[in-house]
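The values are calculated or read from the model by the stated rules, or taken from the named source; none is laboratory data. Quantities reported herein were computed from a predicted structural model and do not represent experimental measurements. No Cβ is skipped: glycine too gets one built from the backbone with ideal geometry, and neighbour counts run over all protein chains shown.
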Amino acid sequence: MTVSIVIPLYNEEENVEPLYERLHEVLDTFSSGYEIIFVDDGSTDKTLAILESFQKKNEHVIVLSLRRNFGQTAAFAAGFDFARGDVVVTMDGDLQNDPKDIPRLIEKLKDFDLVSGWRKHRQDTFFTRRLPSIIANWLISKVTGVNLHDYGCSLKAYKRDVVKNLRLYGEMHRFIPAMASWYGVKIAEIETTHHPRLRGKSKYGISRTIKVILDLITVKFLQSFSTKPIQFFGPVGVLFALGGLGISFYLTIEKLFWGAMLAGRPLLLLGVLLIIVGVQFIGMGLLGEMIVRVYHESQKKPIYAR
């Protein structure tokens, strides 16, 4: 099987050369063909220039340059678009993932569709990196139903048809196993080596936790209602509308039989409001159904790379 290695990079000029050397120590032993796709995510240092020098002297290297810093998810999406291998392997470019784990991932992939790395002995600070990661991994596993120890590990191996059917945006790269599970793929997890960062600065902080939670809500919604939004918005809309109609009916009976004054009554305003909100929710569900149909007919993705 031919292999595509997809590596996003952002201001990693101190790490790209040793990363390139370590990759070749491993990949040169492959009997099958391979390609290394470096995705420069709008770096402002010498990262892109160094990568282009690799491309000039090695036909196995492909360099994609994003127009600005779109983020890791967009970088992965661009790499997946250009990947030609039967197997696609992703990893970080900060030397914390070990290229020597790549053959083990590929070997495991023979019986699965997606193999995720598990940084069991993670070499990061506990309170700012490992503890939030532990909480996030537990939460994501519970919400999505796909139980993994380490969603945040970028070192993963995929069969080609898995990544070619993914539509990534936001910070969705960490949820790829959960998203892939919608297609019924078989997922495995193996322990991988994790090194401490020796050069450069980490691009991730504890502030990412909020983004993860928001994206998790999106993933859960898509997982449950992406093909049937009317089943989410519809019942809520019907509930509100029935409540508003019930209040209106009660007030009508009061007016007809007891001559009650309705003007200025808060209950009347509440009834009207509930009906309007209910109709809007039902309309949102119907609009969602139309959008889903158009999406599945087109499935076009934006072009990030140049």
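A few comments on the model shown:
- For the range 1-46, the candidate set comprises residues that are of a type in the set (Val, Ile, Thr) and surrounded by fewer than 18 Cβ atoms within 10 Å (Cβ to Cβ); within that set, the residue that is farthest from LYS100 (Cα to Cα) is THR44.
- Residue in the range 83-103 that is in a helix (DSSP H, G or I), assigned by TED's automatic domain parsing to the domain that holds ILE36, of a type outside the set (A, V, I, L, M, F, W, C) and closer than 15 Å to HIS173 by Cβ present: no
- Sole residue being crowded, with 17+ Cβ neighbours inside 10 Å, modelled with pLDDT of 85 or more and outside any loop (DSSP other than H, G, I, E, B), chosen from PHE175, PHE257: PHE175
- Scanning the range 150-184 for residues that are out of contact with any helix residue (DSSP H, G or I) (no Cβ under 6 Å at 6 or more places or on another chain) and either over 18 Å from THR73 (Cβ atoms) or of a type in the set (Ser, Thr, Tyr) (or both) yields a count of 9.
- Residue count, the range 162-172 (criterion: of a type in the set (A, V, I, L, M, F, W, C), part of a loop (DSSP other than H, G, I, E, B) and either at pLDDT 90 or above or farther than 16 Å from TYR151 by Cα (or both)): 1
- Test: SER116 is surrounded by 23 or more Cβ atoms within 10 Å (Cβ to Cβ) and either assigned by TED's automatic domain parsing to the domain that holds ILE210 or part of a helix (DSSP H, G or I) (or both): yes
- Condition check for GLU59: closer than 25 Å to ILE187 by Cα, out of contact with any Asp or Glu (no Cβ under 6 Å at 6 or more places or on another chain) and either surrounded by fewer than 16 Cβ atoms within 10 Å (Cβ to Cβ) or assigned by TED's automatic domain parsing to the domain that holds GLU35 (or both): no
- Restricting attention to the range 59-74, the residues that are in contact (Cβ under 8 Å) with a residue 12 or more places away in the chain and under 17 Å from LEU23 (Cβ atoms) total 5.
- Annotation for the range 7-23: no member residue is touching a residue at least 12 places away in the same chain (Cβ under 8 Å), of a type in the set (Val, Ile, Thr), assigned to a loop (DSSP other than H, G, I, E, B) and within 19 Å of VAL89 (Cα to Cα).
- Residue count for the range 262-276, restricted to those that are surrounded by fewer than 17 Cβ atoms within 10 Å (Cβ to Cβ), in contact with a helix residue (DSSP H, G or I) (Cβ under 8 Å, 6 or more places away or on another chain) and either modelled with pLDDT of 95 or more or of a type in the set (A, V, I, L, M, F, W, C) (or both): 7
- Being without any contact (Cβ under 8 Å) to a residue 40 or more places away in the chain, assigned to a loop (DSSP other than H, G, I, E, B), assigned by TED's automatic domain parsing to the domain that holds LYS156 and closer than 27 Å to PHE175 by Cα is true of SER43.
- Among the residues examined, ILE50 does not qualify as surrounded by 19 or more Cβ atoms within 10 Å (Cβ to Cβ), in contact with a helix residue (DSSP H, G or I) (Cβ under 8 Å, 6 or more places away or on another chain) and in a strand (DSSP E or B).
- Residues that are closer than 18 Å to LEU109 by Cβ and not acidic (Asp, Glu), drawn from the range 152-161: CYS153, SER154, LEU155, LYS156, ALA157, TYR158, LYS159, ARG160
- When the range 144-172 is filtered for residues that are surrounded by fewer than 19 Cβ atoms within 10 Å (Cβ to Cβ), closer than 12 Å to TRP118 by Cβ and in contact with a Ser or Thr (Cβ under 7 Å, 6 or more places away or on another chain), only ASN147 remains.
- Qualifying residue in the range 122-140 (condition: farther than 19 Å from GLN72 by Cα, modelled with pLDDT of 90 or more and of a type in the set (D, E, K, R)): no
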